[in-house]
Amino acid sequence: MEKTWRWFGKNDPITLDMLRQIGVEGIVTALHAIPNGEIWPLEAINDLKNYIEAAGLRWSVVESLPVSESIKYGGKDRELLIENYKLSLANLGKAGVKTVCYNFMPVIDWIRTDLERENEDGTCSLYFDKIRFAYFDCLILQRKDAEKDYSPAEMQQVYDLDKTITQAEKDELIYTIIVKTQGFVNGNIKEGDQNPVALFKQLLALYDGIDQNQLRENFRYFLEQVIPTAEAAGVNLCVHPDDPPFAVLGLPRIVTSGADIEWFLNAVDSPNNGLTFCAGSLSSGIHNDVPALAKRFAKRTHFVHLRSTEVFPDGNFKEASHLAGRGHLIELVRIFEKENPKLPMRIDHGKLMLDDVNKSYNPGYSFLGRMYALAQIDGVLAANREYNA
Ligand code: DNO
């Protein structure tokens with residue numbers, strides 16, 4: 001597999017020169033300054049590409065070319081937004097950047113409730129706490145009928161939490177779920193937005209009456225429009241699974257399981273319509289057998305996120321070590337190396353460790369934590385190659 005790294009552009013404190021020293025071969029990035037829905041100009045793409053190449057690296061994958069909300073819920077301006085998307089894809093193809101990751105999650109990209117959950121050894125990991133999430137849903141958002149999505153025992157814990165939670169903790173929870181994890185991935189809410197909770201509720205309201213079937217139809221429509229452009233441009237599109245891969249906030253979810261993946265691959269059956277195999281997201285759904293999914297979908301996988309999780313009986317999950325947990329990354333490396341040794345993979349998320357603390361990295365995107373995991377996976381790759389030689 002090709003060893004890639006998610007780099008957030010010229011302002012990223014982790015520089016390309018640093019990445020060369022740790023064995024990174026390809027860069028995963030985006031034109032983060034361009035607002036969602038606007039066309040990525042060829043010139044801007046080439047500028048960034050040349051900058052990356054001048055450092056002795058290559059731009060391997062775009063993550064992400066964001067799909068505007070209106071395309072997902074089927075708003076009035078979706079035709080224009082799809083046209084813009086096609087133009088961006090064509091420009092990427094012309095520049096020779098040929099793997100494009102995106103997601104089709106309504107309103108909210110990945111969800112965590114705790115960005116610095118301390119491990120026994122003093123490092124910190126990202127964490128999803130179901131009760132805290134239910135608290136956000138039922139008592140902060142006060143979403144209509146939200147409590148029906150949780151068991152009576154879970155609701156009891158939510159009310160118990162309400163007796164002890166401080167205002168500061170509530171603010172932190174809101175900031176974590178809808179601001180801090182979202183802004184840097186070109187999500188809907190970013191640092192400095194006024195009244196994020198009200199904004200978030202307006203976004204949720206856009207999906208009133210949109211069920212899973214309707215979201216699927218909107219996804220199919222999008223794919224039917226953009227895949228011919230991707231084919232002509234030689235670009236491989238690869239959708240990221242929903243993170244976490246189960247229903248949240250009453251929103252429909254459509255990339256959560258083997259059946260969902262099968263559905264969208266068949267909806268437009270083209271090799272350019274593929275999957276970002278995010279082992280982390282998939283592993284946090286207990287319904288998913290991650291190595292089995294890898295075997296099943298390796299041929300239509302264009303990009304791999306190597307990350308793992310540990311799921312607890314109460315529905316909470318923690319981001320695990322890259323050599324442990326439900327992601328079974330050692331096995332995945334074996335499967336994907338066999339299928340396509342050039343497949344780009346990146347270490348997804350790392351622990352916060354040692355000198356990472358207080359560096360203000362984007363959540364999950366620490367330097368030493370990811371470097372440590374990259375070294376582990378590098379060893380797995382080398383051992384696998386040696387063993388199979
Ligand atoms: C979080 C990321 C996601 C991912 C997008 C892809 O760390 O895995 O934000 O980049 O969902 O579109």
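Within segment 206-217, residues that are more than 13 Å from GLY75 (Cα to Cα) have Cβ atoms under 6 Å from residues that are open to solvent by less than 80 Å² (accessible area, probe 1.4 Å) in these pairs: ASP211/PRO252; GLN212/PRO252; ARG216/ILE254, counting only partners at least 6 apart in sequence or on another chain.
Annotation: GLY122 fulfils all but one of (1) open to solvent by less than 50 Å² (accessible area, probe 1.4 Å); (2) within 16 Å of the ligand (Cβ to nearest atom); the unmet one is (2). Residues that are out of contact with any helix residue (DSSP H, G or I) (no Cβ under 6 Å at 6 or more places or on another chain) and among the polar types (S, T, N, Q) were ranked within segment 334-389; the one that is nearest to the ligand (Cβ to nearest atom) is SER360. Within segment 325-366, the set of residues being surrounded by fewer than 20 Cβ atoms within 10 Å (Cβ to Cβ) and of a type in the set (Ser, Thr, Tyr) comprises just one member, SER360. Scan segment 173-198 for residues that are open to solvent by 50 Å² or more (accessible area, probe 1.4 Å) and without any contact (Cβ under 8 Å) to a residue 40 or more places away in the chain and report the count. Final tally of qualifying residues: 6. Taking each residue of segment 121-148 that is not assigned by TED's automatic domain parsing to the domain that holds ILE178 and of a type outside the set (Gly, Ala, Ser) and looking for partners that are outside any helix (DSSP H, G or I) and modelled with pLDDT under 95 with beta-carbon atoms closer than 7 Å, six or more apart or interchain, yields nothing. For segment 298-315, residues that are in contact with a strand residue (DSSP E or B) (Cβ under 6 Å, 6 or more places away or on another chain), open to solvent by 10 Å² or more (accessible area, probe 1.4 Å) and not charged (D, E, K, R) total 2.
Among the residues of segment 110-128, which ones are part of a loop (DSSP other than H, G, I, E, B) and touching an Asp or Glu at 6+ places or on another chain (Cβ under 6 Å)? TRP110, THR113, listed by residue number. The single condition among (1) in contact with a helix residue (DSSP H, G or I) (Cβ under 7 Å, 6 or more places away or on another chain); (2) touching a residue at least 24 places away in the same chain (Cβ under 8 Å); (3) loosely packed, with under 15 Cβ neighbours inside 10 Å that THR229 does not satisfy is (3). For segment 141-172, the tally of residues that are among the aliphatic types (A, V, I, L, M) and open to solvent by 30 Å² or more (accessible area, probe 1.4 Å) stands at 2.
The strands (runs of 3 or more DSSP E) located wholly in segment 214-328 that include 3 or more residues which are within 16 Å of the ligand (Cβ to nearest atom) and on the phi < 0 side of the Ramachandran plot occupy 236-240, 273-278, 301-306, 317-319.
A search for C-beta distances below 9 Å between a residue of segment 362-384 that is among the aromatic types (Phe, Trp, Tyr) and any residue that is at pLDDT below 95 and away from the ligand (no atom under 16 Å from the Cβ), counting only pairs 6+ apart in sequence or on different chains, returns PHE367/LYS359. The selection criterion, being in the same structural domain as GLY23 (by TED's automatic domain parsing) and free of Cβ contacts under 8 Å to residues at least 24 places away in the same chain, does not hold for LYS49. When the test is whether a residue is in contact with a Leu (Cβ under 9 Å, 6 or more places away or on another chain) and either open to solvent by less than 20 Å² (accessible area, probe 1.4 Å) or more than 16 Å from the ligand (Cβ to nearest atom) (or both), ALA33 does not pass it.
Checked against (1) under 21 Å from ARG346 (Cα atoms); (2) open to solvent by 20 Å² or more (accessible area, probe 1.4 Å), ALA259 passes all but a single condition, namely (1). Does ASN236 satisfy the criteria of being assigned by TED's automatic domain parsing to the domain that holds TYR102, open to solvent by 40 Å² or more (accessible area, probe 1.4 Å) and in contact with a Ser or Thr (Cβ under 6 Å, 6 or more places away or on another chain)? Against the criterion (assigned by TED's automatic domain parsing to the domain that holds TYR102, open to solvent by 40 Å² or more (accessible area, probe 1.4 Å) and in contact with a Ser or Thr (Cβ under 6 Å, 6 or more places away or on another chain)), ASN236 qualifies. Scanning segment 367-389 for residues that are open to solvent by less than 60 Å² (accessible area, probe 1.4 Å) and either not assigned by TED's automatic domain parsing to the domain that holds PHE303 or not in a helix (DSSP H, G or I) (or both) turns up just one, PHE367. If you go through segment 258-273 and keep only what is out of contact with any Phe, Trp or Tyr (no Cβ under 8 Å at 6 or more places or on another chain) and within 20 Å of ALA232 (Cβ to Cβ), you end up with VAL268, ASP269, SER270, PRO271, ASN272.
The values are calculated or read from the model by the stated rules, or taken from the named source; none is laboratory data. Please read all numbers here as calculations on a predicted model, not as lab measurements. Heads up, the Cβs are rebuilt from the backbone with ideal geometry, glycines too, and the neighbour counts pull from every protein chain shown. These area figures cover heavy atoms from the full protein model, side chains too; ligands, DNA and RNA do not enter into them. Shrake-Rupley method; radii C 1.70, N 1.55, O 1.52, S 1.80 Å.
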